[in-house]
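Below you'll find the structure, written out as structure tokens, and then a few comments.
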Amino acid sequence: MTTLSVKPGQRFTLPDWHTNSHLISADAERQRSASHQVRQEARALRNETNNQTKWDEHDNQTRLAERISSVNRWKETLDKCLADIDAEIDALAKVKEAAERALQAKNLPLDVSIECLTLRESRRAIDVVRDPVEEELHKEVKVIDKAKRQLQQRVNEAFEQLCLLQEARQQLSCDHRCKMEALEIDRVCLSLNVNSPNISFKVNPTRVPDGSTAPDEWEQNSQCNKERAEAEMKASTELREATVLAIAQTNNELEAQRVATEFALRKRIRDLERAYDELKWQEQNSLEEIAEMEEDIRRLEEDLRRKTQDLKVAHTRLEIRTYRPNMELCRDQVQYGLTDEVHQLEGTIRALKQKLAESQDALDALYRQLHHIQTDTGYKASSLVLDNKCMDSRRKLVVPAEKFVPEADTFNRTTNRALKNGQLELA
């Protein structure tokens, strides 16, 4: 007779079965309640963070717009100030030129006065008297000297004021350029959104850059530049008025300039010509060195670009090899070789960059020296022109003395030649 097989294992009672069902139901209810709570908290967090993000973005958009408006107002103020200071520089330069012309215009009257005094020295016997004419001629020479000193002082003051105006203008121009760049940057920032290209994570974006200033310092800097420019323009206006008055006061006076001797002028011209030739030789050598340095810099930059591309290749190879599966991800000789190549390339790039920076510094120094040479060459050329003009002026002054021979027989050519020598001594 076949016996009924009994399945081995523990047997639970019916109350245990009901209890287990109740526990499962209770756990399900509790988990659904916890899940519902999490979902509600997540929705609240999403709403809160979305609102906070939108308001933060809106606030920063508003701040950017207000900042752009503030910088733009200062830019417009600087525009007006630059226009005013340019007009003042032009006006003062014209007054300075007028003063220089007035100063130069005193030369001929002084020459005439000295010529008259020289001619009167040729008087003989009882006619050699100190009469009112001679006293007026000496007085005229003193008045001319005084007028020249006054005009020269005004010219020097105008030159110094022009330098101050140019310095103030340079500060304004620098501030203006900075504000233009800041406007461009802030406008780009204002135009950015989540759909803008080229947005990415940055390294330590919340850092405070070196050289950062407070808004009060920023405002004060622009205000100081504006106030300085206005002060210099006010001083320039006063100087222009004083210079115009000085020109008007000395307009009817005689003036002149001491004439240098021909020997001194020729010697000075020879020295200037030698110096000019030396500077032109130095300029040519500097230009050749600059050309060679620029070519070397170009080659350094090309090598640096190639090494950078090589480094990208090595980086890419190392990165791709990190995706080898399982045991294939081993540090084989290729891995060591690529790592060494990266280190070698990084060192090479650092060395190339350092040498490129040194080359750029050397090139900048060459350009500064070339500028200095060219400036000095210009000075020498200007000095040569001025000294040659002085020689021409001296020859022109000699011609009238030779041509002017009185019709009376009071003076002969010997006397006239003596008068010319006497004029040179008085000059």
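The values are calculated or read from the model by the stated rules, or taken from the named source; none is laboratory data. If you're wondering where the values come from, they're calculated on a predicted model, not measured in any experiment. In this analysis, Cβ positions are derived from the backbone assuming ideal geometry, glycine residues included, and neighbour counts consider all displayed protein chains. Accessible surface areas use protein heavy atoms only, side chains included; no ligands, DNA or RNA. Shrake-Rupley method; radii C 1.70, N 1.55, O 1.52, S 1.80 Å.
Overview of results
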read-out	value
Sites ASN50 and HIS315 - FRET efficiency at Förster radius 41 Å, r taken between beta-carbons, to 0.05	0.60
Efficiency of FRET from Cβ geometry, SER212 and GLU76, R₀ 35 Å, rounded to 0.05	0.90
With all protein chains modelled, accessible area of CYS189 [1.4 Å, Å²]	60
Whole-Å distance, taken between Cα centres, linking segment 145-185 and segment 342-378	32
Rg(Cα)/(2.2 N^0.38 Å) for segment 1-109, N = residue count	3.51
Derived scalar couplings ³J(HN,Hα) [segment 154-169; Karplus, 6.51 cos²θ - 1.76 cosθ + 1.60; whole Hz; x for Gly, Pro]	5, 5, 4, 5, 5, 4, 4, 5, 4, 4, 5, 5, 5, 5, 4, 5
Pairwise FRET efficiency - GLU358 versus GLN284, Cβ, R0 = 30 Å, nearest 0.05	0.75
Where MET180, MET233 fall by accessible area, highest first, once all protein chains stay in place (1.4 Å)	MET180, MET233
Label-point gap, in nm, between SER35 and GLN344 - each point 7 angstrom along Cα→Cβ	6.0
Gain on full stretching of the segment that runs from ALA231 to ALA42 - 0.36 nm per residue minus C-alpha separation	61.7 nm
Accessible area in the full protein assembly, largest first, 1.4 Å probe, for LEU190, LEU311	LEU190, LEU311
³J(HN,Hα), Karplus 6.51/-1.76/1.60, whole Hz, each residue of segment 35-50, x for Gly, Pro	5, 4, 4, 4, 4, 5, 5, 5, 5, 5, 5, 4, 4, 5, 5, 4
PHE12, PHE159, PHE201, ranked by accessible area, largest first (probe 1.4 Å)	PHE201, PHE12, PHE159
Exposure of ARG305 as accessible area (Å², to 10), given a probe of 1.4 Å and all protein chains	130
Segment 60-101: C-alpha pair distances exceeding 11 Å, %	69
Pairwise centroid distance, computed over Cα atoms, of segment 15-58 with segment 292-306, Å	64
Members of LYS280/LYS355; LYS75/LYS234; LYS80/LYS179; LYS54/LYS179; LYS94/LYS179 lying beyond 24 Å, as alpha-carbon distances in this model show	LYS280/LYS355; LYS54/LYS179; LYS94/LYS179
